[in-house]
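Colleague: Handing you this structure, nothing more for now.
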Amino acid sequence: MASFVLSIARPHLYHLSPRHKIPSLLCLPPLKPFSFPKFSPVLSHPKLVTHFVYHKTIAKSSSVGSRETDDPIPDESLLGEDSAAFQLSEQKLSSWVYFTVILGSVLLALNFLWINPSTGFGTAFVDSISNISGSPEVTMLVLMAIFATVHSGLASLRDQGEKLIGERAFRVLFAGISLPLAVSTVVYFINHRYDGTQLWQVQAVPGVHELVWFSSFVSFFFLYPSTFNLLEVAAVDKPKMHLWETGIMRITRHPQMVGQVIWCLAHSLWIGKTVAISASVGLIAHHLFGVWNGDRRLSIRYGKSFEVLKKRTSVIPFVAILDGRQKLPEDYYKEFLRLPYVAITVLTLGAYFAHPLMQSSSYNLHW
């Protein structure tokens, strides 16, 4: 519902294209950095490059995961992308100006076409769902089901849609349909979260507020791993399907699901009403489906590369670390000391203090 390099690395060989097989190279023992002869034919091969990244080679998404060969791929030759990497020097002012203009235009259009009761369709949409049974629990679940079906359905059609109309156009289509449905669902939840039957009341219990606040705060660090590049979200940069492996992805391969579960459990504990519980049930079910669907889509897109990444990550947090499949670097904490995580911290705190503003804005809609 609440739906964000510090050291010198060693050079490693990049992913080897299946069209340029060098079987003997895969049989060689690991070589130390810079141990190749000066005029080595291996280094002169056009498909081999070196790439300096924070402590490990991070394979670009456009280069990994070819499914054109059945040859085995050594685990150490493939790594996902370095998540949350952000270089201020690489940013273009014009891109962020463009992003601001797009964001403002989208919000104006959303308000005129959907939110504003006198001009938009949002009120009629929510009213039509509410009239199905008159039960706020049912309305909450139906709103969730509609959003989940559209959101996951369009995500599943991404490959075909991008081939048909292009990456940017499909992103605009995806956002244009999903965003109004998400707003309706969020606003209805805010307005009706205390409706229904009171199943428990623990708000006065010492420590519960602190537990709920901390859990909600932590959940946002899981919720936004795939939206670090806001320019892609707004289609200023060409949108990509990323194969992340660093940062939060070392803890769980599906951080958004984990973050949503944490958020739902915390808010359900705090509120204790049946409408809030129904919202949590719908959200968790949607994200559990997203675990299966996300793995399926990544497997189709990246093939063996994703299978390698899948082996050394886990859905359940920390399992891959505890059983030794995920090897954390000694300075793992540096993967979080990056501007996107700082932005998440600031925005999460801002969202907490902005709760009264969000509530009053939602109440004005009477959804």
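The values are calculated or read from the model by the stated rules, or taken from the named source; none is laboratory data. Source: prediction; values computed, not measured. Cβ coordinates were reconstructed from backbone atoms using ideal geometry, including for glycine residues, and neighbour counts include every protein chain displayed.
Colleague: What pairs come up if the first residue lies in the stretch 272-289 and is closer than 19 Å to residue 190 by Cβ, the second is of a type in the set (Asp, Glu), and their beta carbons are under 6 Å apart, counting only those six or more places apart or on different chains?
Modeller: As it stands, the answer is 274/137; 275/137; 275/195; 278/137, since those pairs meet every condition given.
Colleague: Does residue 270 meet the test of being within 23 Å of the chain's Cα centre (by Cα), in a helix (DSSP H, G or I), farther than 12 Å from residue 314 by Cα and of a type in the set (Phe, Trp, Tyr)?
Modeller: Here the answer is no, as residue 270 does not meet what is asked.
Colleague: Return the residues of the stretch 320-334 that are buried (at least 16 other Cβ atoms within 10 Å of the Cβ) and either assigned to a loop (DSSP other than H, G, I, E, B) or modelled with pLDDT under 90 (or both); say none if nothing qualifies.
Modeller: Scanning the stretch 320-334 gives a single hit, 326.
Colleague: Additional query: Pairs only if they're at least six apart or on different chains, beta carbon under 7 angstrom, first in the stretch 165-181 and within 14 Å of residue 155 (Cβ to Cβ), second part of a helix (DSSP H, G or I) and charged (D, E, K, R); list them, first residue then second.
Modeller: 170/158; 170/162
Colleague: If you scan the stretch 110-134, which residues turn out to be surrounded by 15 or more Cβ atoms within 10 Å (Cβ to Cβ) and part of a helix (DSSP H, G or I)?
Modeller: The answer is 110, 114, 115, 122, 123, 125, 126, 129, 130.
Colleague: To continue, here is another question. Hey, can you tell me all the residues within the stretch 202-260 that are buried (at least 21 other Cβ atoms within 10 Å of the Cβ) and among the basic types (Lys, Arg)?
Modeller: 250, 253
Colleague: Given the criteria of a type in the set (Gly, Ala, Ser), within 30 Å of residue 149 (Cβ to Cβ) and in contact with an Asp or Glu (Cβ under 6 Å, 6 or more places away or on another chain), does residue 278 qualify?
Modeller: Yes, satisfied.
Colleague: Report whether or not residue 316 is surrounded by 18 or more Cβ atoms within 10 Å (Cβ to Cβ), at pLDDT 95 or above, under 30 Å from residue 199 (Cα atoms) and out of contact with any Lys or Arg (no Cβ under 6 Å at 6 or more places or on another chain).
Modeller: Here the answer is no, as residue 316 does not meet what is asked.
Colleague: Of everything in the stretch 83-119, what is out of contact with any Phe, Trp or Tyr (no Cβ under 8 Å at 6 or more places or on another chain) and of a type in the set (Phe, Trp, Tyr)? Give them in sequence order.
Modeller: 96, 98, 99, 112
Colleague: Can you tell me which condition residue 153 does not meet? The list is (1) part of a helix (DSSP H, G or I); (2) buried (at least 17 other Cβ atoms within 10 Å of the Cβ); (3) of a type in the set (Gly, Ala, Ser), and all the others hold.
Modeller: Failed condition: (2).
Colleague: Mind checking which pairs have a first residue in the stretch 227-249 that is in a helix (DSSP H, G or I) and a second that is of a type in the set (Lys, Arg), Cβ under 7 Å, 6 or more apart or different chains?
Modeller: 232/240
Colleague: Further, regarding this structure: Being among the polar types (S, T, N, Q) and more than 13 Å from residue 267 (Cα to Cα) is the filter here, so list the residues in the stretch 176-224 that pass it.
Modeller: Those that are among the polar types (S, T, N, Q) and more than 13 Å from residue 267 (Cα to Cα): 178, 184, 185, 191, 197, 198.
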